[in-house]
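Trainee: Once you've had a glance at the structure underneath, I'll fire off some questions.
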Amino acid sequence: MTVTAAQPFLPFVRPEIDPETIAEVGKVLASGWITSGPKMQAFEAALSDVFGGRPVRTFANGSATMEIALRVANIGPGDEVITTPISWVATANVVLAVGARPVFVDIDPRTRNLDLDAVEAAITPRTRAIMPVYLSGLPVDMDRLYAIAGKHQLRVIEDAAQAIDSRWRGQRIGAFGDLASFSFQANKNITTVEGGCLVLNSPEEALRAERLRLQGVIRTGMDGMDVEEPGGKFNLTDVNAAIGLAQLPKLAAITAKRAALAETYFRCAADTGLAELGIELPLPLDPVGATTNWHMFQVVLPTDRLRGGPAQARSHVMEALREQGIGTGVHYPPIHLFTYYRSLGWREGMLPHAERIGRGIVTLPLFPAMHATDVERVCATLSETCKRLSL
Ligand SMILES: *Cc1c(COP(=O)(O)O)cnc(C)c1O
(Lines give C-alpha, C1' and ligand atoms only; values in the text may rest on other atoms or scores of the structure.)
Protein backbone atom coordinates (compact mmCIF):
# COMPACT_ATOMS: atom_id res chain seq x y z
CA MET A 1 0.00 0.00 0.00
CA THR A 2 1.08 3.62 -0.42
CA VAL A 3 1.88 5.63 2.67
CA THR A 4 0.68 9.20 2.80
CA ALA A 5 1.06 11.77 5.57
CA ALA A 6 -2.49 13.03 5.14
CA GLN A 7 -4.10 10.33 7.33
CA PRO A 8 -5.28 11.21 10.84
CA PHE A 9 -2.79 10.68 13.66
CA LEU A 10 -2.82 7.14 15.03
CA PRO A 11 -1.85 7.09 18.73
CA PHE A 12 -0.28 3.93 20.22
CA VAL A 13 -3.21 3.61 22.62
CA ARG A 14 -6.63 5.21 23.01
CA PRO A 15 -9.09 4.48 25.84
CA GLU A 16 -12.69 3.89 24.82
CA ILE A 17 -15.43 5.19 27.09
CA ASP A 18 -18.85 4.62 25.53
CA PRO A 19 -22.01 6.72 26.16
CA GLU A 20 -23.49 4.11 28.54
CA THR A 21 -20.38 4.32 30.73
CA ILE A 22 -20.60 8.11 30.77
CA ALA A 23 -24.28 7.83 31.78
CA GLU A 24 -23.34 5.47 34.65
CA VAL A 25 -20.78 7.98 35.90
CA GLY A 26 -23.44 10.69 35.77
CA LYS A 27 -25.76 8.56 37.90
CA VAL A 28 -23.09 8.04 40.57
CA LEU A 29 -22.28 11.77 40.65
CA ALA A 30 -25.98 12.58 41.12
CA SER A 31 -26.59 9.82 43.70
CA GLY A 32 -25.33 11.56 46.82
CA TRP A 33 -22.63 8.88 47.38
CA ILE A 34 -19.57 9.54 45.21
CA THR A 35 -16.58 7.98 46.99
CA SER A 36 -16.08 4.28 47.91
CA GLY A 37 -19.44 2.61 48.45
CA PRO A 38 -21.93 0.33 46.67
CA LYS A 39 -20.32 0.64 43.20
CA MET A 40 -16.90 -0.27 44.58
CA GLN A 41 -18.39 -3.31 46.32
CA ALA A 42 -20.26 -4.35 43.17
CA PHE A 43 -17.05 -3.96 41.13
CA GLU A 44 -15.14 -6.11 43.62
CA ALA A 45 -17.83 -8.81 43.44
CA ALA A 46 -17.77 -8.74 39.62
CA LEU A 47 -13.97 -8.99 39.65
CA SER A 48 -14.12 -11.91 42.05
CA ASP A 49 -16.27 -13.72 39.46
CA VAL A 50 -13.60 -13.00 36.83
CA PHE A 51 -10.94 -14.52 39.09
CA GLY A 52 -12.71 -17.76 39.91
CA GLY A 53 -14.35 -16.57 43.13
CA ARG A 54 -11.13 -15.60 44.91
CA PRO A 55 -11.30 -12.53 47.21
CA VAL A 56 -10.64 -9.24 45.37
CA ARG A 57 -10.15 -5.73 46.75
CA THR A 58 -9.82 -2.55 44.70
CA PHE A 59 -7.43 0.36 45.17
CA ALA A 60 -6.81 3.87 43.86
CA ASN A 61 -4.19 2.68 41.35
CA GLY A 62 -2.03 -0.29 40.40
CA SER A 63 1.02 0.99 42.25
CA ALA A 64 -0.90 1.27 45.54
CA THR A 65 -2.26 -2.23 44.88
CA MET A 66 1.26 -3.66 44.66
CA GLU A 67 2.41 -1.78 47.75
CA ILE A 68 -0.52 -3.20 49.74
CA ALA A 69 0.26 -6.66 48.35
CA LEU A 70 3.81 -6.38 49.70
CA ARG A 71 2.48 -5.29 53.10
CA VAL A 72 -0.07 -8.10 53.19
CA ALA A 73 2.84 -10.50 52.50
CA ASN A 74 4.75 -8.88 55.41
CA ILE A 75 7.67 -7.82 53.23
CA GLY A 76 9.79 -5.05 54.69
CA PRO A 77 13.26 -3.91 55.75
CA GLY A 78 15.99 -6.52 55.26
CA ASP A 79 13.96 -8.48 52.70
CA GLU A 80 14.85 -9.02 49.05
CA VAL A 81 12.32 -9.20 46.23
CA ILE A 82 13.45 -10.63 42.89
CA THR A 83 12.01 -8.83 39.88
CA THR A 84 12.61 -7.75 36.28
CA PRO A 85 14.28 -4.55 35.10
CA ILE A 86 11.97 -4.32 32.06
CA SER A 87 8.85 -2.92 33.69
CA TRP A 88 7.18 0.31 34.65
CA VAL A 89 9.36 1.73 37.42
CA ALA A 90 6.50 1.32 39.91
CA THR A 91 7.38 -2.40 40.15
CA ALA A 92 10.71 -1.64 41.82
CA ASN A 93 9.65 1.61 43.52
CA VAL A 94 6.99 -0.16 45.62
CA VAL A 95 9.60 -2.63 46.88
CA LEU A 96 11.67 0.33 48.06
CA ALA A 97 8.53 1.97 49.49
CA VAL A 98 8.07 -0.89 51.99
CA GLY A 99 11.76 -0.76 52.90
CA ALA A 100 12.81 -3.92 51.03
CA ARG A 101 15.45 -4.34 48.31
CA PRO A 102 14.57 -5.00 44.66
CA VAL A 103 16.94 -7.57 43.15
CA PHE A 104 16.90 -7.41 39.37
CA VAL A 105 17.63 -10.46 37.23
CA ASP A 106 17.96 -10.55 33.46
CA ILE A 107 15.10 -11.27 31.08
CA ASP A 108 14.56 -14.03 28.56
CA PRO A 109 14.96 -12.18 25.23
CA ARG A 110 12.21 -14.30 23.63
CA THR A 111 9.47 -13.54 26.15
CA ARG A 112 11.07 -10.29 27.43
CA ASN A 113 9.93 -11.46 30.87
CA LEU A 114 11.91 -12.51 33.93
CA ASP A 115 14.32 -15.39 33.11
CA LEU A 116 13.26 -18.05 35.64
CA ASP A 117 16.72 -19.71 35.60
CA ALA A 118 18.16 -16.35 36.64
CA VAL A 119 15.51 -16.06 39.37
CA GLU A 120 16.58 -19.33 40.91
CA ALA A 121 20.24 -18.32 40.77
CA ALA A 122 19.49 -15.02 42.55
CA ILE A 123 17.78 -16.52 45.61
CA THR A 124 19.59 -15.77 48.88
CA PRO A 125 18.64 -16.35 52.54
CA ARG A 126 17.12 -12.82 52.49
CA THR A 127 14.86 -13.47 49.49
CA ARG A 128 11.22 -13.30 50.55
CA ALA A 129 9.31 -12.91 47.30
CA ILE A 130 9.38 -13.10 43.52
CA MET A 131 7.62 -10.31 41.65
CA PRO A 132 7.13 -11.37 38.03
CA VAL A 133 5.78 -8.89 35.47
CA TYR A 134 3.74 -10.13 32.52
CA LEU A 135 5.03 -7.66 29.94
CA SER A 136 2.42 -6.80 27.32
CA GLY A 137 0.19 -9.39 29.02
CA LEU A 138 2.34 -12.48 28.35
CA PRO A 139 2.57 -14.70 31.45
CA VAL A 140 5.83 -16.38 32.45
CA ASP A 141 5.93 -20.18 32.77
CA MET A 142 3.56 -20.27 35.75
CA ASP A 143 4.23 -23.95 36.58
CA ARG A 144 7.93 -23.26 36.86
CA LEU A 145 7.40 -19.95 38.74
CA TYR A 146 5.30 -21.61 41.43
CA ALA A 147 7.59 -24.64 41.59
CA ILE A 148 10.52 -22.32 42.39
CA ALA A 149 8.46 -20.34 44.91
CA GLY A 150 7.28 -23.54 46.58
CA LYS A 151 10.73 -25.08 46.75
CA HIS A 152 12.23 -21.98 48.41
CA GLN A 153 9.11 -21.00 50.40
CA LEU A 154 8.80 -17.60 48.76
CA ARG A 155 5.73 -15.42 48.29
CA VAL A 156 4.79 -14.52 44.73
CA ILE A 157 3.45 -11.03 44.14
CA GLU A 158 2.36 -11.04 40.52
CA ASP A 159 2.61 -7.65 38.83
CA ALA A 160 -0.24 -8.56 36.50
CA ALA A 161 -0.95 -4.86 35.84
CA GLN A 162 -1.06 -5.54 32.10
CA ALA A 163 -2.46 -9.05 32.20
CA ILE A 164 -6.23 -8.97 32.76
CA ASP A 165 -7.76 -11.87 30.79
CA SER A 166 -4.35 -13.35 29.98
CA ARG A 167 -4.24 -17.09 30.54
CA TRP A 168 -1.97 -19.94 31.55
CA ARG A 169 -3.09 -23.34 30.25
CA GLY A 170 -6.55 -21.86 29.73
CA GLN A 171 -6.89 -20.50 33.26
CA ARG A 172 -7.05 -16.75 33.83
CA ILE A 173 -4.07 -15.06 35.45
CA GLY A 174 -5.30 -14.15 38.95
CA ALA A 175 -7.65 -17.13 39.15
CA PHE A 176 -4.84 -19.22 40.69
CA GLY A 177 -1.55 -18.62 42.47
CA ASP A 178 -0.59 -16.26 45.30
CA LEU A 179 -1.20 -12.46 45.26
CA ALA A 180 -2.00 -10.98 41.83
CA SER A 181 -2.09 -7.23 41.27
CA PHE A 182 -3.88 -5.60 38.31
CA SER A 183 -4.02 -1.99 37.11
CA PHE A 184 -6.96 -0.13 35.56
CA GLN A 185 -4.90 2.90 34.53
CA ALA A 186 -6.15 4.64 31.38
CA ASN A 187 -3.87 2.70 28.98
CA LYS A 188 -4.71 -0.76 30.29
CA ASN A 189 -7.13 -3.17 28.52
CA ILE A 190 -9.88 -2.37 31.06
CA THR A 191 -9.78 1.04 32.72
CA THR A 192 -11.31 2.93 35.63
CA VAL A 193 -9.24 6.01 34.58
CA GLU A 194 -6.97 5.19 37.53
CA GLY A 195 -7.40 2.14 39.72
CA GLY A 196 -6.23 -1.35 40.52
CA CYS A 197 -7.25 -4.58 42.18
CA LEU A 198 -5.60 -7.29 44.22
CA VAL A 199 -6.60 -10.95 44.16
CA LEU A 200 -5.93 -12.48 47.59
CA ASN A 201 -5.83 -15.91 49.21
CA SER A 202 -8.26 -15.64 52.12
CA PRO A 203 -10.89 -13.44 53.80
CA GLU A 204 -8.25 -12.61 56.46
CA GLU A 205 -5.83 -11.24 53.84
CA ALA A 206 -8.70 -9.33 52.20
CA LEU A 207 -9.65 -7.74 55.53
CA ARG A 208 -6.06 -6.67 56.13
CA ALA A 209 -5.87 -5.13 52.62
CA GLU A 210 -9.17 -3.32 53.26
CA ARG A 211 -7.80 -1.78 56.44
CA LEU A 212 -4.47 -0.84 54.89
CA ARG A 213 -6.21 1.01 52.07
CA LEU A 214 -7.96 3.35 54.53
CA GLN A 215 -5.51 4.41 57.25
CA GLY A 216 -5.73 1.05 59.03
CA VAL A 217 -9.04 2.09 60.54
CA ILE A 218 -11.16 -0.63 62.20
CA ARG A 219 -14.77 0.40 62.89
CA THR A 220 -16.98 -1.34 65.47
CA GLY A 221 -20.58 -0.73 66.49
CA MET A 222 -22.07 2.71 65.84
CA ASP A 223 -19.12 4.79 67.00
CA GLY A 224 -16.09 2.56 67.67
CA MET A 225 -12.79 3.19 65.92
CA ASP A 226 -9.33 1.72 66.35
CA VAL A 227 -6.04 1.40 64.45
CA GLU A 228 -3.83 -1.66 64.98
CA GLU A 229 -1.46 -0.92 62.10
CA PRO A 230 -1.33 2.35 60.15
CA GLY A 231 -2.41 2.31 56.53
CA GLY A 232 -2.75 4.87 53.74
CA LYS A 233 -5.44 6.47 51.59
CA PHE A 234 -5.73 4.10 48.68
CA ASN A 235 -9.47 3.49 48.19
CA LEU A 236 -11.16 3.43 44.77
CA THR A 237 -14.10 5.84 44.38
CA ASP A 238 -17.57 4.78 43.22
CA VAL A 239 -17.13 7.10 40.21
CA ASN A 240 -14.12 5.05 39.08
CA ALA A 241 -15.78 1.76 40.04
CA ALA A 242 -18.81 2.60 37.87
CA ILE A 243 -16.49 2.96 34.87
CA GLY A 244 -14.95 -0.43 35.64
CA LEU A 245 -18.36 -2.07 36.05
CA ALA A 246 -19.37 -0.78 32.62
CA GLN A 247 -16.10 -1.98 31.05
CA LEU A 248 -15.99 -5.46 32.54
CA PRO A 249 -18.77 -7.02 30.39
CA LYS A 250 -16.76 -5.98 27.30
CA LEU A 251 -13.62 -7.81 28.44
CA ALA A 252 -14.04 -10.86 26.21
CA ALA A 253 -14.74 -8.71 23.14
CA ILE A 254 -11.76 -6.46 23.92
CA THR A 255 -9.41 -9.45 24.26
CA ALA A 256 -10.73 -11.00 21.02
CA LYS A 257 -10.34 -7.74 19.06
CA ARG A 258 -6.80 -7.30 20.34
CA ALA A 259 -5.90 -10.87 19.36
CA ALA A 260 -7.32 -10.29 15.86
CA LEU A 261 -5.27 -7.10 15.47
CA ALA A 262 -2.15 -8.92 16.69
CA GLU A 263 -2.74 -11.60 14.08
CA THR A 264 -3.01 -8.88 11.45
CA TYR A 265 0.29 -7.47 12.73
CA PHE A 266 2.03 -10.83 12.19
CA ARG A 267 0.63 -11.09 8.66
CA CYS A 268 1.60 -7.51 7.74
CA ALA A 269 5.02 -7.88 9.39
CA ALA A 270 5.66 -10.84 7.08
CA ASP A 271 4.30 -8.95 4.04
CA THR A 272 6.54 -5.94 4.70
CA GLY A 273 9.65 -7.99 5.62
CA LEU A 274 10.11 -6.68 9.16
CA ALA A 275 12.03 -9.77 10.32
CA GLU A 276 14.39 -9.53 7.33
CA LEU A 277 15.20 -5.98 8.42
CA GLY A 278 16.31 -7.38 11.80
CA ILE A 279 13.19 -6.26 13.66
CA GLU A 280 12.28 -8.74 16.43
CA LEU A 281 8.58 -9.51 16.75
CA PRO A 282 6.82 -10.65 19.92
CA LEU A 283 6.17 -14.38 20.52
CA PRO A 284 3.13 -15.27 18.43
CA LEU A 285 2.05 -18.21 20.58
CA ASP A 286 3.91 -19.64 23.51
CA PRO A 287 4.07 -23.41 23.00
CA VAL A 288 4.13 -23.93 26.79
CA GLY A 289 0.63 -22.60 27.29
CA ALA A 290 0.82 -18.86 27.91
CA THR A 291 -1.91 -16.83 26.21
CA THR A 292 -1.36 -13.09 26.17
CA ASN A 293 -4.19 -10.54 26.20
CA TRP A 294 -2.15 -8.47 23.71
CA HIS A 295 -1.95 -5.49 26.03
CA MET A 296 0.78 -4.23 23.70
CA PHE A 297 2.37 -5.24 20.40
CA GLN A 298 6.06 -4.55 20.85
CA VAL A 299 8.96 -4.91 18.43
CA VAL A 300 12.68 -4.63 19.11
CA LEU A 301 14.64 -2.53 16.61
CA PRO A 302 18.09 -3.62 15.38
CA THR A 303 19.65 -0.46 16.82
CA ASP A 304 23.22 -1.40 15.82
CA ARG A 305 22.14 -1.58 12.17
CA LEU A 306 20.29 1.75 12.10
CA ARG A 307 21.45 5.36 11.82
CA GLY A 308 22.14 6.83 15.28
CA GLY A 309 23.27 3.46 16.66
CA PRO A 310 22.23 1.98 20.00
CA ALA A 311 22.01 5.40 21.66
CA GLN A 312 19.78 7.16 19.11
CA ALA A 313 18.34 4.79 16.51
CA ARG A 314 15.04 4.30 18.33
CA SER A 315 14.36 8.01 18.73
CA HIS A 316 15.07 8.49 14.99
CA VAL A 317 12.59 5.77 14.09
CA MET A 318 9.95 7.06 16.52
CA GLU A 319 10.37 10.60 15.19
CA ALA A 320 10.02 9.43 11.57
CA LEU A 321 6.87 7.47 12.44
CA ARG A 322 5.40 10.45 14.25
CA GLU A 323 6.04 12.66 11.20
CA GLN A 324 3.99 10.15 9.25
CA GLY A 325 1.13 10.24 11.73
CA ILE A 326 1.95 7.17 13.83
CA GLY A 327 2.40 7.30 17.59
CA THR A 328 4.67 4.83 19.40
CA GLY A 329 5.77 4.27 22.99
CA VAL A 330 8.70 2.85 24.97
CA HIS A 331 7.81 0.17 27.56
CA TYR A 332 10.36 0.16 29.10
CA PRO A 333 13.89 1.47 29.62
CA PRO A 334 15.64 -0.83 32.13
CA ILE A 335 14.93 0.29 35.69
CA HIS A 336 18.38 -0.67 37.02
CA LEU A 337 20.06 2.04 34.90
CA PHE A 338 18.00 4.93 36.31
CA THR A 339 20.16 7.30 38.38
CA TYR A 340 18.63 6.31 41.71
CA TYR A 341 19.02 2.59 41.05
CA ARG A 342 22.63 3.13 39.92
CA SER A 343 23.19 4.75 43.30
CA LEU A 344 22.21 1.38 44.81
CA GLY A 345 25.04 -0.29 42.86
CA TRP A 346 23.40 -1.34 39.59
CA ARG A 347 25.55 -0.84 36.48
CA GLU A 348 25.50 -1.14 32.71
CA GLY A 349 26.59 -4.64 31.67
CA MET A 350 24.97 -6.45 34.60
CA LEU A 351 21.79 -7.43 32.73
CA PRO A 352 22.74 -7.53 29.03
CA HIS A 353 19.47 -8.85 27.52
CA ALA A 354 17.42 -6.27 29.40
CA GLU A 355 19.81 -3.51 28.36
CA ARG A 356 19.74 -4.43 24.65
CA ILE A 357 15.97 -4.85 24.58
CA GLY A 358 15.46 -1.75 26.69
CA ARG A 359 17.33 0.27 24.04
CA GLY A 360 15.43 -1.14 21.07
CA ILE A 361 11.90 -1.93 22.24
CA VAL A 362 9.05 0.06 20.68
CA THR A 363 5.32 -0.25 21.32
CA LEU A 364 3.27 -0.04 18.12
CA PRO A 365 -0.35 1.17 18.04
CA LEU A 366 -2.85 -1.42 19.32
CA PHE A 367 -6.31 -0.66 20.69
CA PRO A 368 -9.74 -2.16 19.91
CA ALA A 369 -11.01 0.72 17.75
CA MET A 370 -8.18 0.18 15.23
CA HIS A 371 -8.77 -1.34 11.80
CA ALA A 372 -6.68 -3.81 9.84
CA THR A 373 -5.79 -0.93 7.47
CA ASP A 374 -4.20 0.92 10.41
CA VAL A 375 -2.02 -2.11 11.12
CA GLU A 376 -1.06 -2.33 7.43
CA ARG A 377 -0.08 1.32 7.48
CA VAL A 378 2.04 0.92 10.64
CA CYS A 379 3.96 -2.07 9.23
CA ALA A 380 4.49 -0.44 5.81
CA THR A 381 5.70 2.80 7.40
CA LEU A 382 7.97 1.00 9.88
CA SER A 383 9.45 -1.10 7.09
CA GLU A 384 10.13 1.91 4.84
CA THR A 385 11.55 3.91 7.74
CA CYS A 386 13.97 1.16 8.80
CA LYS A 387 15.11 0.64 5.19
CA ARG A 388 15.74 4.38 4.85
CA LEU A 389 17.63 4.56 8.17
CA SER A 390 19.65 1.36 7.63
CA LEU A 391 23.42 1.73 7.84
C1 LIG B 1 0.47 0.19 34.75
C2 LIG B 1 1.51 -0.60 35.44
C3 LIG B 1 1.77 -0.50 36.81
C4 LIG B 1 1.22 0.54 37.71
O5 LIG B 1 -0.10 0.80 37.61
P6 LIG B 1 -0.68 2.25 37.95
O7 LIG B 1 -2.14 1.99 37.94
O8 LIG B 1 -0.23 3.17 36.85
O9 LIG B 1 -0.16 2.67 39.27
C10 LIG B 1 2.68 -1.35 37.38
N11 LIG B 1 3.34 -2.25 36.66
C12 LIG B 1 3.14 -2.38 35.35
C13 LIG B 1 3.88 -3.44 34.60
C14 LIG B 1 2.23 -1.55 34.68
O15 LIG B 1 2.06 -1.68 33.37
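Trainee: In region 127-160, which residues are within 28 Å of Pro365 (Cβ to Cβ) and in a loop (DSSP other than H, G, I, E, B)?
Mentor: Residues of region 127-160 that are within 28 Å of Pro365 (Cβ to Cβ), as a first pass: 132-140, 158-160.
Listed by number, the residues that qualify are Pro132, Tyr134, Leu138, Pro139, Val140, Ala160.
Condition check ((1) within 25 Å of the chain's Cα centre (by Cα); (2) in a helix (DSSP H, G or I)) across all residues:
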site: Ala241; (1), (2): yes, yes
site: Ala260; (1), (2): yes, yes
site: Phe266; (1), (2): yes, yes
site: Ala269; (1), (2): yes, yes
site: His316; (1), (2): no, yes
site: Pro333; (1), (2): yes, no
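Trainee: Right, here's the next one. Taking the criterion of being away from the ligand (no atom under 16 Å from the Cβ) and within 18 Å of Ala180 (Cβ to Cβ), would at least one residue in region 27-44 satisfy it?
Mentor: yes
Trainee: Given the criterion in a strand (DSSP E or B), within 16 Å of the ligand (Cβ to nearest atom), small (Gly, Ala, Ser) and closer than 30 Å to Ala241 by Cα, identify the matching residue among Ala163, Ala180.
Mentor: Ala180
Trainee: Just one of (1) over 17 Å from the mean Cα position of the chain (by Cα); (2) within 16 Å of the ligand (Cβ to nearest atom); (3) within 23 Å of Glu20 (Cβ to Cβ) trips up Lys250, so point out which.
Mentor: Single failed check for Lys250: (2).
Trainee: Being in contact (Cβ under 8 Å) with a residue 24 or more places away in the chain, more than 9 Å from the ligand (Cβ to nearest atom), in the same structural domain as Ser181 (by TED's automatic domain parsing) and closer than 30 Å to Ser36 by Cβ narrows it down to one of Leu116, Leu70, Leu96, so name that one.
Mentor: One residue alone meets the criteria, Leu70.
Trainee: What are the residues in region 236-265 that are crowded, with 22+ Cβ neighbours inside 10 Å and of a type in the set (Asp, Glu), if any?
Mentor: Asp238
Trainee: Within region 340-386, which residues are exposed (fewer than 14 other Cβ atoms within 10 Å of the Cβ) and not hydroxyl-bearing (Ser, Thr, Tyr)?
Mentor: Arg342, Leu344, Gly345, Arg347, Glu348, Gly349, Pro352, Ala369, His371
Trainee: If I ask for residues that are touching a residue at least 60 places away in the same chain (Cβ under 8 Å) and either touching a Cys at 6+ places or on another chain (Cβ under 8 Å) or under 15 Å from Ile86 (Cα atoms) (or both), which ones from region 308-336 would you list?
Mentor: Val317, Gly329, His331, Tyr332, Pro334, Ile335, His336, listed by residue number.
Each row is one residue, and each column tells you yes or no for (1) over 15 Å from the mean Cα position of the chain (by Cα); (2) buried (at least 23 other Cβ atoms within 10 Å of the Cβ); (3) modelled with pLDDT of 95 or more; (4) more than 10 Å from the ligand (Cβ to nearest atom).
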| site | (1), (2), (3), (4) |
| --- | --- |
| Ala129 | yes, yes, yes, yes |
| Gly137 | no, yes, yes, no |
| Arg144 | yes, no, yes, yes |
| Ala175 | yes, no, yes, yes |
| Ala186 | no, no, yes, no |
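Residue by residue, here is whether (1) within 12 Å of the ligand (Cβ to nearest atom); (2) surrounded by fewer than 24 Cβ atoms within 10 Å (Cβ to Cβ) holds:
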position	(1), (2)
Thr65	yes, no
Asp79	no, yes
Ile86	yes, no
Ile107	no, no
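The values are calculated or read from the model by the stated rules, or taken from the named source; none is laboratory data. Just so it is clear, the model here is predicted, and its values are computed rather than measured. FYI the Cβ positions are ideal-geometry reconstructions off the backbone, even for glycines, and counts take in every protein chain you see.
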